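Derivation of every value follows stated rules applied to the coordinates shown; laboratory data play no part. A quick note: this is a predicted structure, and the numbers were derived from the prediction, not measured. All Cβ positions, glycine included, derive from the backbone under ideal geometry; neighbour counts span all protein chains shown.
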Amino acid sequence: MILPTNEKQFGFWTMRRSGVPNITIANQLGISRQAVSKALLVMDEKIGEALREMANANQIAIESINTERGILLGRSIPFRTAAIIFVSENHGMQVWYEHDGDCGTCPRYTECIELLWDYAAELGIRIEKTADPTKMAEELFLNVKALI
């Protein structure tokens, strides 16, 4: 399933994830609170389905899912390590594996740092500024795990 990030429901979902109450979403958009609640229920189902499909495709055994936050925690069967799948408003669905990376030689160094900062901001999590994406990821995902 492709995550429907262009749907209104996804917009409601991202607003709720950032802490905006349903009544505020309804008032801002001029719709009923019940319409927002129904849309969020549908979106939670879609997010859950997308997370499960991504886990299946990547051979990740699911440990827990939080559809309201868009987070799946699990364990990679082939890599024998912890894995996290998350929904980012700006970066789509991402799969990260716990590992000790050699970030200084990686061509995706800047991309990883930007993704980690963006994702932390989306969830309202403060992480310490460092030049090591592996340390940033460890700190971020420790905080993310606490949300579940």
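Couplings 3J(HN,Hα) for the range 81-86, derived from phi with the Karplus relation 6.51 cos²θ - 1.76 cosθ + 1.60 (θ = phi - 60°), are 8, 5, 9, 9, 10, 9 Hz, where x marks Gly and Pro. The range 79-145 and the range 1-17 have Cα centres lying 21 Å from one another.
Using 0.36 nm per residue and subtracting the Cα-Cα separation, the extra length available between E98 and K135 on full extension is 12.2 nm. Exposure here means at most 16 other Cβ atoms within 10 Å; with GluC sites (Glu not before Pro) in a DSSP loop as sites, the longest stretch of the chain lacking them is 8-67.
Rounded to the nearest 0.05, what FRET efficiency do F79 and C106 have when you use their Cβ-Cβ distance and R0 = 25 Å? My answer for the efficiency is 0.90. Using only Cα atoms, find the angle between the long axis of helix 33-57 and the longest principal axis of the chain, and express it within 0 to 90 degrees, rounded to the nearest 10. That helix lies at roughly 30 degrees to the long axis.
P(r) of the range 20-148 in 10 Å steps, Cα pairs, percent per bin? Bin by bin from 0 Å, the calculated values are 12, 37, 34, 13, 4, 0. Using the charge dipole of the chain (Lys, Arg: +1 at Cβ; Asp, Glu: -1 at Cβ; taken about the Cα centre), state which of W96, C106, A146 has its Cα farthest towards the positive end. Result: A146. Subtracting the Cα-Cα distance of K8 and S37 from their residue separation scaled by 0.36 nm leaves 9.2 nm. Helical content alone sets the calculated 222 nm signal of the chain at -16000 deg cm²/dmol, taking -39,500 (n - 2.57) per DSSP H segment of four or more residues and averaging over every residue.
When the alpha carbon gyration tensor of the range 1-89 is reduced to an equivalent ellipsoid, its three semi-axes come out at 29, 11, 9 angstrom, largest first.
About the centre of its Cα atoms, the range 51-148 shows a dipole size close to 260 debye [charges on the beta carbon of Lys, Arg (+1) and Asp, Glu (-1) only; nearest 20 debye].
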